[in-house]
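Rule-based calculations on the coordinates, nothing more; no lab input. Here the structure is a predicted model, which means the values were calculated and not measured. Virtual Cβ from ideal backbone geometry, glycine too; neighbours counted across all protein chains shown.
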Amino acid sequence: MSALKNDTFLRALLRQPTDYTPLWLMRQAGRYLPEYNATRARAGDFLTLCKTPDLATEVTLQPLARYPLDAAILFSDILTVPDAMGLGLYFAPGEGPRFERPLRDEWEIRDLSAPDPNDKLGYVMDAVRSIRRALDNSVPLIGFSGSPYTLACYMIEGGSSDDYRHIKTMLYSRPDLLHRILEVTTRAVIDYLNAQIEAGAQAVMIFDSWGGSLTPHAYREFSLSYMERIVAALIQERDGRRVPSIVFTKGGGNWLEAMAAIGADAVGLDWSTDIGEARRRVNGKVALQGNLDPNALHGSADNIRIEAARILDAYGNHPGHVFNLGHGISQFTDPAKVGVLVEAVHNHRRALQAA
Ligand code: CP3
C-alpha cells in the first residue's frame, strides 16, 4: 500500500508536530453544498444515499473537491446501527430521523442483539472500501459511530427529543433495562467500528451528541463508561499505522478531564469551552478537536478570520490540535465562507511557524 500524501490530521491526533493545523468539518458533506443536494435528489432520499456505496462515495468526496480539507469522513449516519438492530429507521420530511419500532417494552429489550456489521451493515463497509479507493491516499478517511447513550436516546425516544423523557424515565426507574440496552449497543459499536477499520477507516470518532444532557454522575455511569469500553476494544493499528480515536460529547466541557482519561487519542470540543483552558486541563493527555461555533460561518469573511484566529491563538503553538466546528455545519452556510475558513486556518499556523 502506498503512503498517505497528507497525514497531518493523523499526526495532530497523536500530538506529533505538524507544519500547520489540519482541519475538517463535521457534516462537511451536507445540504449547504448544491452538489450534495443534487446527488441526494438523484438518490431520492437521504437513507438511499447512505445505503448506495457509489453515491456515498460521491458525496464524501464533494467537499474535498472544493476545499483542501485534511480528512474525509465516511458519509453515513449514526442511526444505521439501530436500523440494523431492526428498529426501522426512516426520515420523515422536515422531521428528522424516526424509528418505526422504538424500544419501550421489556421483552423487546431482552430480545435485542448486536448485528453482524459485515452482513446488515455491509453497505457501510462497501462504502468505506470504495471511498478509500477514490481517495487514493490523498487524505485519511474517518470512520464513526454514535455513542451507546446517544444511540439509546434515539432508540428509546423513537426520534429526536427535546426532553429525553422516555430514556430518563427508564434511567431513573429501570436502570437495569437501560444498562441492558447500552451493553448490547456497546457490543454493536465495537464490532461496527472494528469492521470499518478493517475495511479501511484510518481514524474513528464516537459522537456522543446527548451525553451532555446527563448529570455528572449519570454521564459517567451511562455514557462515559461505555465509551471507555469501546475505546479499549478498538483495533489499535492497521497497515503499520496507529488508528487514532476521537470521543466527542456535545455539552461535555465540564467533564473534560474525565473524557481525557478513557484512553482515546483525542477529545472533541463544542464551542462552549475555551480551547486554551481545555488544553491546560487535559494537560497533554489527548489532542483536542474543535471548536468554532458553526454559526460563526454566517458572519463576514473578516469575522470568520478573527474567530478562527481566536481559537488557533488560544490553543497556541503546541502539537495536538485539529481544527473543526463545535458541531455540524448548518445547511444555511454559504459555501464561499467555508473556503474563507479553510484558508484562514491553513495560513494562520504557517504564519506562526515563520515568525
Ligand atoms: O460529518 C459528516 O459529514 C459525516 C456524515 C454524518 C451525518 N450524520 C450525515 C447526515 C455524521 C457523522 C452524522 C452523525 C449524526 N447523525 C449525529 C451525531 C452528530 C450530531 O449531529 O450530533 C446525529 C445525532 C445524527 C442523527 C441525525 N441524522 C439527525 C438528527 C439528522 C437530521 C438533522 C439534520 O441535520 O437534518 C440526520 C440527518 C443527516 N445526517 C443529514 C446528513 C448530511 C441530513 C440529511 C439530509 O440530507 O436531509
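Scanning residues 5 or more positions from Gly268 or on other chains, those with amide H under 5 Å from its amide H are Val247, Phe248, Thr249, Gln289, with H placed 1.01 Å from N in the peptide plane. Here the label points at Asn254 and Asp116, each 7 Å from Cα along the C-beta direction, are separated by 4.4 nm in the simple model.
Using Cβ point charges alone (K and R +1, D and E -1), the dipole size of the chain about the Cα centre works out to roughly 620 debye. Rounded to the nearest 20 debye, the dipole size of region 19-72 about its Cα centre is 240 debye, using +1 on the Cβ of Lys and Arg and -1 on the Cβ of Asp and Glu. Extension gain for Asn283 to Ile306 (0.36 nm times residue separation, less C-alpha to C-alpha distance): 5.7 nm. The separation of region 199-230 from region 269-334, counted between C-alpha centres, amounts to 21 Å. What shape does region 83-132 take by its C-alpha gyration tensor, where a ≥ b ≥ c are the square roots of the eigenvalues and a/c under 1.5 counts as rounded, a/b above b/c as prolate, and the rest as oblate? Oblate, because a/c is 1.5 or more while a/b does not exceed b/c.
Spin-label pair Glu343-Asp54: with each label point 7 Å from Cα along the Cα-Cβ axis, the two points sit 3.6 nm from one another.
Number of Lys-Lys pairs in the chain with C-alpha atoms under 26 Å apart and a separation of 8 or more places or on different chains: 4.
For a paramagnetic label modelled at 7 Å from the Cα of Asn137 toward its Cβ, which residues of region 1-21 fall within the zone defined by backbone nitrogen distances under 13 Å? Answer for region 1-21: 1-7.
Taking 0.36 nm per residue of sequence separation and removing the Cα-Cα distance, the Arg241/Glu198 pair yields an extension gain of 14.2 nm.
The C-alpha atoms of the chain define a longest principal axis, and helix 175-199 lies at about 50 degrees to it. Across the options Val81, Phe323, Ser130, the greatest Cα extent toward the positive end of the charge dipole of the chain (unit charges at beta carbon of Lys, Arg, Asp, Glu) belongs to Phe323.
Round to the nearest 0.05 the FRET efficiency obtained for Trp107 and Asn295 when R0 = 56 Å and r is the Cβ-Cβ distance. The value I calculate is 0.80. By definition, a body whose alpha carbon gyration tensor gives a ≥ b ≥ c is oblate when a/c is 1.5 or more and a/b is not larger than b/c, and region 265-355 fits this oblate description.
Starting from the Cα gyration tensor of region 8-354, take the square roots of the eigenvalues, sort them a ≥ b ≥ c, and report rounded, prolate or oblate (rounded when a/c is under 1.5, otherwise prolate if a/b is larger than b/c, else oblate). In terms of gyration-tensor shape, prolate. Using 0.36 nm per residue and subtracting the Cα-Cα separation, the extra length available between Tyr172 and Ser330 on full extension is 53.5 nm. Residues considered: Ala92, Ala71, Ala233. Largest GNM mean-square fluctuation over the chain, using C-alpha springs under 10 Å, is found at Ala92.
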